[in-house]
Amino acid sequence: MKSIGRANEIATAKKPTDRIDVLLAPGTYTDMGDQWTYADSKKLTIRTTSGTATFDGQGKHNNYQLVIGPPASENKRIRNVILRDLRFTNATNGLQVRNTTNATLQNLKFDKIGNRWSPGSIGYAALSLQHVTDITVTNPVWTDIENNQTLDGTDTTGLVHAVYAANDADDVTLVDITATRVSGDAFRIRNGTDNFVINGGTMSSAGSRSAFSEWYNPNASTPEIRSSGSFINVTTGKSFRGETYELGRTSCVRSGSGPISDCRITDTPPS
């Protein structure tokens, strides 16, 4: 298949209800902003025939390179998704999975994500998870996830994350992670994201004030809900700037007023 967007068009027209397999040839794909929105099949698998499919923003793409899941306006959820052997590079933001239940993301790689590599806009996430449940991410690798621009007077360095999970992104598990050089807190949860678990792996030069953090804004226009997570058996080095984490390996921060003592992220370091 030449693009995931084209495969989505075919599925939307034919309306299959059984399983869908989208097979990508290994190589580089430069069509950016593809979306998979068809939600009426029992199972969706997107994978390569061999090797890795690389989505390359060529330093010019400012939104997410690929979005999986229907928009909120459709009031639907996509179920039973497998994404395998995909790489996202040279863009401001990488992959977003939204409105999805039961997904497995295997062997995904993210590198050169953020406005250092694709200038002019704010990088928020290599992997964004929004309104999802029961997501497993195995053997993910993040390298050089970095903002380095000041835009409209805002220093964006700390605003990009390896994973940003928000708005009821529940029961997410990351297994055997590798994160190297991430300018913001590498893993950020927000607004009702419960049971976000990181289990095993290594981090180096990753994180601004913490490796894994919650952001909570009680004054948002729509009231936010606290989040929870676990950080288990993950080896961390120094922060992105080569310093000891200012707020510790894990932290919870309230917008405008600093750290929250009642932090609902538990940290179990390697023994």
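What follows draws every value from the coordinates through simple rules; no lab data is involved. Every value quoted in this text rests on a predicted model; they were computed, and no experiment measured them. Every residue, glycine among them, receives a Cβ derived from its backbone with ideal geometry; neighbour counts consider all protein chains shown.
Within a straight-line Cα-Cα reach of under 13 Å, Lys112 can be paired with the following aspartates and glutamates, leaving aside sequence neighbours fewer than 8 residues apart in one chain: Asp56, Asp144, Glu146.
Comparing Asn167, Pro140, Ser261 along the charge dipole axis of the chain, the residue lying farthest to the positive side is Pro140, per the Cβ-charge model. Please compute the contact order of the stretch 134-254 in relative form: average sequence separation of alpha-carbon pairs under 8 Å and at least six residues apart, divided by the residue count, as a percent. The value is 24 percent.
Translational diffusion of the chain, estimated by Stokes-Einstein from the Kirkwood radius over alpha carbon pairs at 20 °C in a medium of 1.002 mPa s, is 116 µm² per second. About its Cα centre, the stretch 1-42 has a charge dipole of approximately 120 debye under the convention of +1 per Lys or Arg Cβ and -1 per Asp or Glu Cβ, with nothing else charged.
With 23 Å as the limit, write out which pairs from Lys43/Lys76; Lys15/Lys60; Lys42/Lys109; Lys14/Lys76; Lys2/Lys76 have Cα-Cα distances beyond it, or answer none.
Lys15/Lys60; Lys42/Lys109; Lys2/Lys76
Spin-label model, Ile82 to Lys43: label points 7 Å out along the Cα-to-beta-carbon direction sit 0.6 nm apart. Each Lys and Arg contributes +1 and each Asp and Glu -1, all at the Cβ; summed about the Cα centre of the stretch 34-178, the dipole is approximately 480 debye.
Roughly what % antiparallel, to the nearest 5, for the DSSP beta bridges in the chain?
Details: 4 of 99 bridges.
Rounded to the nearest five, the antiparallel share is 5 percent.
A crude spin-label estimate for the pair Lys60 and Asp155, with each label 7 Å from Cα along the Cβ direction, gives 3.3 nm. For the chain, the 222 nm mean residue ellipticity estimated from helices alone, with every DSSP H stretch of n ≥ 4 adding -39500 (n - 2.57) and the total spread over all residues, rounds to -1000 deg cm²/dmol.
Any idea what the relative contact order of the stretch 4-268 is, in percent, if you count C-alpha pairs under 8 Å spaced at least 6 apart?
Working: 861 pairs, mean separation 29.1, N = 265.
Here the relative contact order equals 11 percent.
Under the simplified labelling scheme, the Asn199-Arg241 pair shows an inter-label distance of 3.5 nm, with each label point 7 Å from Cα along Cα→Cβ.
Stretched out fully, how many nm does the piece from Ile225 to Asn75 gain, at 0.36 nm a residue minus the Cα gap?
Value of the extension gain: 51.9 nm.
Against the chain, whose longest principal axis comes from its Cα atoms, helix 4-14 is set at around 50 degrees.
Between the C-alpha center of the stretch 210-229 and that of the stretch 130-151 there is a gap of 17 Å.
Quick check on packing: order 44-54, 118-128 by the mean number of other C-beta atoms within 10 Å, highest mean leading. Working shown, then result.
Values: 44-54: 16.8, 118-128: 22.2.
With the highest mean Cβ count within 10 Å placed first, the list reads 118-128, 44-54.
How much length would be gained if the chain were fully extended between Thr12 and Arg181, taking 0.36 nm per residue of separation minus their Cα-Cα distance, in nm to one decimal?
In short, 56.9 nm is gained.
Based on every Cα atom in the stretch 1-64, Rg and the maximum pairwise Cα distance Dmax equal 12.6, 38 Å.
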